[in-house]
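Just so it is clear, none of the values below were taken in a lab; they were calculated from the coordinates. Owing to the predicted nature of the structure, the values given are computational and were not obtained by experimental measurement. No Cβ is skipped: glycine too gets one built from the backbone with ideal geometry, and neighbour counts run over all protein chains shown.
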Amino acid sequence: MPNKKLYPGVGAKGTIMTLFIKPKNSFRGKDKDHRSVVFLKEHYYEGRKRFFRFTVDEDDDRTFYASSRMVRIDAEGKVEEFFDKNRRQIENAETTLKQRKESTIKWKNSKARQLLYKYIMDGNVALEEGDETKSLEEIFSMHIDESSFSSREK
């Protein structure tokens, strides 16, 4: 299962290759593997390109910048301070839809099918248009379990 996508925001912790940090002359990387841990402060756009401003230490006043494509987010900041709040809300709505389970009972084995056949045989539901039928409210109120499925508000 893929990891959950982390969103950038103020205070988010990320990793970037030191090579891509700008301005280059004022930064010296401490890590031997040429990667640096950064803390995001803000984001901005230049045309269609998105950039992050960040600091290397949380208490450091010097800010650097890099393309958002080069920064990998390792830990999110506060939810209220995400750069793109709408994207997070959309993702939450999508995950709740995915969490809802689809019925495992197929139509041929369902109780709804059995009841429909029963009502047709009893004459409560007509097979052709123009035949007299009972109203849906009467049909749904025939049984206590079925009355909870009524879509009409009373």
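Observations on the structure shown:
- Per-residue HN-Hα couplings for region 108-114 [Karplus 6.51, -1.76, 1.60; θ = phi - 60°; Hz; x = Gly/Pro]: 5, 9, 7, 5, 4, 5, 4
- Between residue 78 and residue 4, residue separation times 0.36 nm minus the direct Cα-Cα distance comes to 25.0 nm.
- Annotation: the residues 37, 71, 56, sorted from fewest to most other C-beta atoms within 10 Å of their own C-beta, follow the order 37, 56, 71.
- FRET E, pair residue 48, residue 112, Förster distance 30 Å, beta-carbon r, rounded to 0.05: 0.05
- Long-range amide H partners of residue 43 with built H, under 5 Å: 53
- Residue 69 versus residue 122: modelled label distance in nm, points set 7 Å from Cα along the beta carbon direction: 6.6
- From phi via Karplus (6.51, -1.76, 1.60), per-residue ³J(HN,Hα) for region 49-54 in Hz, x at Gly/Pro: 8, 9, 10, 10, 9, 8
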